[in-house]
1. What nm value, rounded to one decimal, do you get for the distance between residue 1 and residue 76 when each label is placed 7 Å out toward the C-beta?
2. By how many nm would the segment from residue 93 to residue 146 grow when fully extended, if each residue of separation counts as 0.36 nm and the alpha-carbon distance is taken off?
3. Take the Cα gyration tensor of the range 65-141, multiply each eigenvalue by 5, square-root it, and list the three semi-axes largest first, rounded to whole angstrom.
4. Provide, in order from the shortest bin, the percent of all Cα-Cα pairs of the range 2-170 in each 5 Å bin, continuing until the bin that contains the maximum pair distance.
5. Please compute the modelled spin-label separation between residue 21 and residue 64, points set 7 Å along Cα→Cβ, answer in nm with one decimal.
6. In the range 137-151, which residues have a backbone nitrogen under 13 Å from the label point lying 7 Å from residue 131's Cα in the Cα-to-Cβ direction?
7. According to the square roots a ≥ b ≥ c of the eigenvalues of the Cα gyration tensor, what is the shape class of the range 17-91, taking rounded for a/c under 1.5, prolate for a/b larger than b/c otherwise, and oblate for the remainder?
8. Nearest 500 deg cm²/dmol is fine: what mean residue ellipticity at 222 nm does the chain get from its DSSP H runs of n ≥ 4 alone, each adding -39,500 (n - 2.57), divided by its residue count?
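What follows is calculated from the coordinates using simple rules that are stated; it is not laboratory data. Since this is a predicted model, take the numbers as computed values, not measurements. FYI the Cβ positions are ideal-geometry reconstructions off the backbone, even for glycines, and counts take in every protein chain you see.
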């Protein structure tokens with residue numbers, strides 16, 4: 001299964017950039033890791049494939065009430081944790097560049113301690129990143145509209161034959 005990963009769209013409306021549409025061509029599911037700001041982006045993404053989303057720290061109160069803080073999605077037998085990632089302890093130490101990925105990943109894994117996933121998809125930093133941490137695939141698709149250093153990105157996660165493979169797609 002091919003899963004589109006997106007985060008930090010920050011008020012993108014129903015007019016998704018063509019680059020997002022191109023990157024998500026053929027995906028069967030989309031995971032949004034928060035900071036939609038408005039729910040209109042969910043409607044636009046739902047025209048491509050079914051969407052699961054969590055809220056981020058900059059989402060409107062209505063969006064925060066409509067979406068969970070975190071969730072776990074089962075994709076072909078693999079558990080995918082989805083979270084924005086803004087509640088990291090000591091953010092002034094962990095998040096400024098260079099990001100302390102060991103601390104960030106430790107926090108993300110702790111958020112799913114009762115339901116350890118095979119993969120965690122998160123956002124918040126606007127910096128695309130793929131790593132393995134404690135045998136968990138960690139994926140931040142970056143930001144589709146406000147990427148770190150002006151580099152807008154989304155991600156793809158392929159789940160096939162019990163294996164997970166992620167990639168970052170520059171827009």
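1. 0.9 nm
2. Values: separation 53, 0.36 × 53 = 19.08 nm, distance 2.20 nm.
In short, 16.9 nm is gained.
3. Details: eigenvalues 79, 40, 26 Å².
Equivalent-ellipsoid dimensions as semi-axes: 20, 14, 11 Å.
4. All Cα pairs considered, the percentages come to 2, 9, 20, 24, 22, 14, 7, 1, 0.
5. So the two model labels end up 3.4 nm from each other.
6. Flagged as within label range: 137-140.
7. Values: a/c = 1.86, a/b = 1.28, b/c = 1.46.
Oblate, since a/c reaches 1.5 and b/c is not below a/b.
8. -5000 deg cm²/dmol
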